[in-house]
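Novice: Once you've had a glance at the structure underneath, I'll fire off some questions.
The values are calculated or read from the model by the stated rules, or taken from the named source; none is laboratory data. In this text, all values refer to a predicted model and were calculated from it rather than measured experimentally. Note that each Cβ is placed from the backbone with ideal geometry, even for glycine, and that neighbours are counted across all protein chains shown. All accessible areas refer to the heavy atoms of the entire protein, side chains included, with ligands and DNA or RNA removed. Shrake-Rupley method; radii C 1.70, N 1.55, O 1.52, S 1.80 Å.
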Amino acid sequence: MDSQTLRDFLLETYAPLKGLNGRTVEIYDSTLKRFRECLGREPMVSDLTDVAISRFLRWRLETPNSRNQLPRRTTVLKDRVQLLALASLAFRKRRIEEDVVLPQFRAAGRLPRGYLREEVERLIADAARRRGSYAGRPAAWWWRTIIWWSWETGCRIGETLQLRWEYVDLADRRAVLIAETRKLKTRDLEKRFSPALAEELAKQHRPGELVWP
C-alpha cells in the first residue's frame, strides 16, 4: 500500500511534471479536499481505485455544499477528470497496480450567461466608490480598472493579474499578454483598449511592477 498522501503526490510529482501553475494546483487541491471529506481521512495514492473514485463521484452528486446546494454535474465532471489524471500518472509511475477505468459521465452543456452592458456599467460605477487601498493601490482605482479592462478585452483573470506595465503602451492603447502568463502558454496576445480606460490606467502607472498586484 502506497503510504504517500495524494496531496503530496500532487505537489511533489504531478504538478512539477505537468507544469501546473499555482492556480491550477489550487483547483486540484479543492478536489482533494472533497475527496478527504468523503473518505473521512486524508486520501492516499493507494485510494486511486475505480471503486473509491466511483463512490466519491456518487457522494459528490448527492452531498449539498455549505449553502445547501447540490454541485453541478460539470463540477463533479471536473473532479472526475482530475482524479483520473492523477491516477493515470500514478499508474505509469507504478505507484498503483491497476489503471483506473470509469464508466462514462456526461454533463449537459449550457448556454453561457453574461452580464448586460448596463449591469457592467453599474459594477464599474460601484467600484469607483470603494474606499481605502488594495494591494498598495487606491481600492477604487484597482477594482474599477480591472473590471473595466476585463469587460473591454475579455481577458482571463489569471493572465490579467500577471500583466506588467512594461507590456502596456498607454499612448497607443494596447497591451501584450505574453504566452507564459496565458492558459495554454502557446502564444502572445495583443489587446486594444479605449482612450478612457488608458487615461484611468495612467493614474497609477508604475513601471516595472504589475498593473494589478
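Novice: Could you check the simple spin-label distance between Glu190 and Leu70, using points 7 Å along Cα→Cβ, in nm with one decimal?
Specialist: Taking the simple label geometry, Glu190 and Leu70 are separated by 5.0 nm.
Novice: Sort Ser54, Ser3 by accessible area with a 1.4 Å probe, largest first.
Specialist: Ranking Ser54, Ser3 by accessible area, largest first, yields Ser3, Ser54.
Novice: Just to check, using Stokes-Einstein with a Kirkwood Rh over alpha carbon pairs, what's the diffusion coefficient of the range 144-213 at 4 °C and 1.567 mPa s in µm²/s?
Specialist: 108
Novice: Just how far, in whole angstrom, is the range 27-91 from the range 157-190 if you go by their alpha carbon centroids?
Specialist: Going from one Cα centre to the other spans 34 Å.
Novice: Continuing with the same structure: Can you work out the base-10 log of I(q)/I(0) for the range 81-177 at q = 0.16, 0.18, 0.22, 0.25 1/Å, using the Debye formula on its C-alpha atoms alone?
Specialist: -0.82, -0.91, -1.18, -1.34
Novice: Sum up the lysine pairs in the chain that clear both bars: alpha-carbon distance under 18 Å and a spacing of 8 or more or different chains.
Specialist: 7
Novice: Then there's this: Take the Cα atoms of the chain, find their three principal axes, and give me the spread along each one in whole Å, biggest first.
Specialist: For the chain, the Cα spread along each principal axis is 60, 36, 32 Å.
Novice: Please give the per residue accessible area of the chain, computed with a probe of 1.4 Å over protein heavy atoms only, in Å².
Specialist: Solvent-accessible surface per residue comes out at 64 Å².
Novice: Using only alpha carbon pairs under 8 Å that are at least six residues apart, calculate the relative contact order of the chain and give it in whole percent.
Specialist: Relative contact order comes out at 13 percent.
Novice: Also: If I require 27 Å or longer along the helix axis, counting alpha carbons, and a Kyte-Doolittle average no lower than 0.0, what helices from the chain are left? Use full DSSP H segments.
Specialist: 73-92
Novice: Can you tell me what the convex hull of the Cα atoms of the range 1-105 projects to on average, as an area in nm²?
Specialist: If you wrap the Cα atoms of the range 1-105 in a convex hull and average its projections, you get 6.6 nm².
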